[in-house]
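*Asks:* I have a structure here, written as structure tokens, and I will follow up with some questions on it.
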Amino acid sequence: MRSTTPVQDFVRPLWRENPVLVQTLGMCPTMAITNTVINGVSMGLTTAFVLTGSSLFVSLLARYVVSEVRISSYILIIATFTTLADLLLAAVVPDIHKALGAFIPLIVANCILLGRQEAFAQKNPVGRSVLDALGTGFGFTFGLFLMSMVREILGNGSFAGVHLFGPNFEPWLIFMLPPGGFFTLGLWLLTLSFIRTRRSGKRPLRRWPNAIPAGKAAA
């Protein structure tokens, strides 16, 4: 595997390997709680907290854990930090805790967390593992923010609870429902694919199968 620098460990998941917009991981919370910006960002930051704490301890304890119980140990560590995050949210911001509901405990089952422990944290020093976790967590938060921004603006006419349009605005309620999450994700994937294609300059536009070549058309 190609070696990376600590800066690349942090920057890579923010955009080029974004968990939501590139790897399409963690789709359960992405579709369920991105109907408002506050909910999306809160879930992203909570996941980043759990991921960073888990990567820290997995990297510290990796040499002492035998391979037979490796996955079980990772899940136990993730579950511990998820419980801590659940209790902190309930004590500090009970409204957000109520809005996120069952999706906070489900962080344990988020494939992003276990995947980063297995692919990175257990094989690298503590510092690099924390940087990778922070980058992945913030990249996940950024993806949820983009999703929730579109859904809340179009579906409710507001941004983070602040109404943007006048009383005559007719919200597109489909964006507040689960199908709106899939539609929004498709729009973002299409937009980013178009941007990458144009920036690379390697893929010309396709012609229609029955299109007449430019020279013959002129003739």
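*Asks:* Could you tell me whether any residue of region 90-111 is of a type in the set (V, I, T), over 16 Å from the mean Cα position of the chain (by Cα) and outside any helix (DSSP H, G or I)?
*Replies:* Checked region 90-111: at least one residue is of a type in the set (V, I, T), over 16 Å from the mean Cα position of the chain (by Cα) and outside any helix (DSSP H, G or I).
*Asks:* Can you run down the residue pairs with Cβ atoms below 8 Å, 6 or more apart or on separate chains, where the first is in region 22-34 and closer than 13 Å to T184 by Cβ and the partner is assigned to a loop (DSSP other than H, G, I, E, B) and at pLDDT 90 or above?
*Replies:* T30/V20
*Asks:* Next question. Here is a check on your reading of the model: is I174 farther than 16 Å from L21 by Cα, out of contact with any strand residue (DSSP E or B) (no Cβ under 8 Å at 6 or more places or on another chain), open to solvent by 60 Å² or more (accessible area, probe 1.4 Å) and in a helix (DSSP H, G or I)?
*Replies:* Spelling it out, I174 is indeed farther than 16 Å from L21 by Cα, out of contact with any strand residue (DSSP E or B) (no Cβ under 8 Å at 6 or more places or on another chain), open to solvent by 60 Å² or more (accessible area, probe 1.4 Å) and in a helix (DSSP H, G or I).
*Asks:* Then there's this: Taking region 1-33, which residues are among the β-branched types (V, I, T) and under 25 Å from T80 (Cα atoms)? Steps first, answer last, please.
*Replies:* Filtering region 1-33 down to residues among the β-branched types (V, I, T) leaves 4-5, 7, 11, 20, 22, 24, 30, 33.
Listed by number, the residues that qualify are V20, T30, I33.
*Asks:* Is it the case that G143 is open to solvent by less than 80 Å² (accessible area, probe 1.4 Å) and free of Cβ contacts under 8 Å to residues at least 12 places away in the same chain?
*Replies:* Spelling it out, it is not the case that G143 is open to solvent by less than 80 Å² (accessible area, probe 1.4 Å) and free of Cβ contacts under 8 Å to residues at least 12 places away in the same chain.
*Asks:* For L56, are the conditions met, namely being touching a residue at least 40 places away in the same chain (Cβ under 8 Å), surrounded by 16 or more Cβ atoms within 10 Å (Cβ to Cβ) and either touching a helix residue (DSSP H, G or I) at 6+ places or on another chain (Cβ under 6 Å) or under 16 Å from Q117 (Cβ atoms) (or both)?
*Replies:* Taking the combined requirement at face value, the residue satisfies it.
*Asks:* I would also like to ask the following. Would it be correct to say that F182 is modelled with pLDDT of 90 or more, closer than 30 Å to V50 by Cβ, open to solvent by 70 Å² or more (accessible area, probe 1.4 Å) and part of a helix (DSSP H, G or I)?
*Replies:* Here the answer is yes, as F182 does meet what is asked.
*Asks:* Looking at region 1-18, which of its residues are in a loop (DSSP other than H, G, I, E, B) and either among the aliphatic types (A, V, I, L, M) or buried (at least 17 other Cβ atoms within 10 Å of the Cβ) (or both)?
*Replies:* M1, N18
*Asks:* Something else about it: Would you confirm, using the coordinates I've provided, whether A32 is farther than 23 Å from A121 by Cα and either over 10 Å from the mean Cα position of the chain (by Cα) or open to solvent by 30 Å² or more (accessible area, probe 1.4 Å) (or both)?
*Replies:* yes
*Asks:* Still on this structure, I have one more. Which condition breaks for A160 when tested against (1) out of contact with any Leu (no Cβ under 8 Å at 6 or more places or on another chain); (2) open to solvent by less than 60 Å² (accessible area, probe 1.4 Å); (3) among the hydrophobic types (A, V, I, L, M, F, W, C); (4) within 21 Å of S55 (Cα to Cα)?
*Replies:* Among (1) out of contact with any Leu (no Cβ under 8 Å at 6 or more places or on another chain); (2) open to solvent by less than 60 Å² (accessible area, probe 1.4 Å); (3) among the hydrophobic types (A, V, I, L, M, F, W, C); (4) within 21 Å of S55 (Cα to Cα), A160 violates only (4).
*Asks:* Of the conditions (1) open to solvent by less than 60 Å² (accessible area, probe 1.4 Å); (2) in a helix (DSSP H, G or I); (3) not acidic (D, E), L21 clears all except one; give me its number.
*Replies:* (2)
*Asks:* Quick check: is even one residue across region 68-83 assigned to a helix (DSSP H, G or I), open to solvent by 70 Å² or more (accessible area, probe 1.4 Å), over 19 Å from A121 (Cβ atoms) and not hydroxyl-bearing (S, T, Y)?
*Replies:* The answer is no, given that none of the residues of region 68-83 is assigned to a helix (DSSP H, G or I), open to solvent by 70 Å² or more (accessible area, probe 1.4 Å), over 19 Å from A121 (Cβ atoms) and not hydroxyl-bearing (S, T, Y).
*Asks:* Enumerate the pairs (first residue in region 101-126 and exposed (fewer than 14 other Cβ atoms within 10 Å of the Cβ); second residue anywhere and part of a loop (DSSP other than H, G, I, E, B)) with beta-carbon separation below 8 Å, excluding pairs fewer than 6 apart on the same chain, so at least 6 apart or on different chains.
*Replies:* Every condition considered, the pairs that remain are C111/L25; C111/G26.
The values are calculated or read from the model by the stated rules, or taken from the named source; none is laboratory data. From a predicted model like this one, the values you see are computed outputs, not experimental measurements. Glycine gets a Cβ as well: all are built from the backbone with ideal geometry, and neighbour counts include every protein chain shown. What goes into the accessible areas is simple: the full protein's heavy atoms, side chains included, and nothing from ligands, DNA or RNA. Shrake-Rupley method; radii C 1.70, N 1.55, O 1.52, S 1.80 Å.
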